[in-house]
Amino acid sequence: MTETQKDPFAAAASFNAGVYGTGLRPVRADRLAEAVRRLLRAAGSEEQEAAVVADHLVEANLRGHDSHGVGMLAMYMPAIAAGLLRPNQHATVIGRSGPFLAVGGGSGYGQVIAREAMDLAIEQARREGLAVLSLRDSHHIGRVGSYGEQCSDAGLVALAFVNVVTRPAVAPHDGTRPRLGTNPICIAVPGTDATPALVLDFATSAVAVGKCRVAMGKGQEMAPGLLLDPQGDPTQDPGVMFQDPSGALLPLGGHKGFGLALMCDVLAGALASAMPGTPSHQNSGRVMNNMFAIVFDPARGGNAQWAADLDDLVAYVRDTPTVPGVDAIQMPGEPESRTRRQRLADGIPLDGATLAMLDSLGRERGLDLGELLA
Ligand code: NAD
């Protein structure tokens, strides 16, 4: 792979050009989902697929992860046109061996493929206590926490390691050029009567690439210590991620995030999917995700009292004096739940760039989405 290969994230970012600082407009979640459903239908998806993908994207916005919300359509639509993302595919079991379950996605919408693959893993974990899932050949799966929630809603624990196969974005620790994806990790634990489900879900880079796109859309700089420019020097300009050659994100927490990102490429890529993030797989201009997930029944994990012990642990951790300006210790998943409640009530604040992008994608397909997005 060369360092100047095609960047699918640039498609999403290019819509930001010239519309910096155009302000935020709140859009009701149900109206936004309807607009996205219509767009997806016009782009070839059957009704059910359009609903699943639209709901996933809007849910990401509702939970505050605008980086993985409806803005992703700017990347998905050109990918369909280029034949890199294939609508109306379904998860296919390609192998089973003991607890291992291998599933292929036919380059379909990751939101559909990963959801169906998790359904299969959930079914097996309920029956056998354990499923070890390797999902391959899926287009971008979006917010990984969504699949964690799918498992925790089913009363199961999930550990998911995802690799991102596309132009690399993250520099190894002590490196100056990108070599890894933003490889996210999710750990989800079901809630009890006293404790909500714990959903830890983050990129192993200091920030997700999508957060740079969102910052660009708002005309904002990134915080210091997150980005390198193409020369390997520190910068706060999110635009470096969409240049050619691009800059690089730093790994989360230095050598620790680097190690986690590498292990995502090892577990989800090299060991499970025959699609590691190595150069031969990065040159297609698309964004693929592979996922290695362990799904198990906590009641069969060795401690019959797990729920009570979890409640005790969480209560003990919550009972920590906080730093000035912070009311309470939050558990993983709680910031997203709070944002969701707020955005359901007040609307999802969309920036001018995202609204212009949706409007333009609609017009290209003969749709007027103006009324839904007003
Ligand atoms: P982030 O930095 O916002 O971290 C989110 C995690 O931290 C959540 O578990 C959240 O509950 C927890 N958290 C946040 N603030 C907290 C607080 N004050 N106290 C306690 N816990 C707190 O997330 P990110 O790294 O920007 O990732 C955003 C999204 O991007 C994720 O949903 C991830 O799955 C997704 N992503 C997807 C891909 C892909 O290729 N599909 C790649 C990278 C990231």
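Key figures for this structure:
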| item | result |
| --- | --- |
| Residue in the stretch 67-77 that is nearest to ALA29 (Cα to Cα), counting only those that are among the small types (Gly, Ala, Ser) and outside any loop (DSSP other than H, G, I, E, B) | GLY71 |
| Qualifying residue in the stretch 204-222 (condition: surrounded by fewer than 22 Cβ atoms within 10 Å (Cβ to Cβ), modelled with pLDDT of 95 or more and near the ligand (Cβ under 8 Å from one of its atoms)) | no |
| Odd one out for ASP351, checked against (1) outside the structural domain of GLU59 (by TED's automatic domain parsing); (2) farther than 19 Å from GLU149 by Cα; (3) of a type outside the set (A, V, I, L, M) | (1) |
| Number of positions in the stretch 78-102 that are within 16 Å of the ligand (Cβ to nearest atom) and outside any loop (DSSP other than H, G, I, E, B) | 1 |
| Single residue of MET241, MET291, MET263 found to be surrounded by 15 or more Cβ atoms within 10 Å (Cβ to Cβ), among the aliphatic types (A, V, I, L, M), part of a helix (DSSP H, G or I) and touching a helix residue (DSSP H, G or I) at 6+ places or on another chain (Cβ under 8 Å) | MET241 |
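The values are calculated or read from the model by the stated rules, or taken from the named source; none is laboratory data. Predicted model only: the values in this text are computed from it and were never measured. Cβ atoms come from the backbone with ideal geometry, glycine included; neighbour counts cover every protein chain shown.
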